[in-house]
Amino acid sequence: MKKFTFLSLAVFALLTLTGCEAIGTIFEAGMWWGIILVAGVIGLVLWLFTRSRK
């Protein structure tokens with residue numbers, strides 16, 4: 001019984017750890033898209049602000 005419990009726990013850990021790695025990669029890509037979008041919006045606002053002052 002102990003061997004079955006350890007084996008099922010090991011299989012469960014292997015399956016969930018690969019899922020966590022995939023989720024981490026997705027969130028990392030999302031973070032970079034967020035940074036790029038925020039920088040773009042700030043650049044657009046600054047461009048509009050300097051254009052309106054002329």
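What the table shows:
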read-out: Pair list, Cβ under 8 Å, 6 or more apart: the stretch 34-54 residue on the phi < 0 side of the Ramachandran plot, other residue assigned to a helix (DSSP H, G or I); value: none
read-out: Any hit, the stretch 27-37, residues being more than 13 Å from the chain's Cα centre (by Cα) and at pLDDT 80 or above; value: yes
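The values are calculated or read from the model by the stated rules, or taken from the named source; none is laboratory data. What you are looking at is a predicted structure, and each value in this text was computed from that prediction instead of being measured. Positions of Cβ are generated from backbone atoms using ideal geometry, with glycine treated the same way; all protein chains shown enter the neighbour counts.
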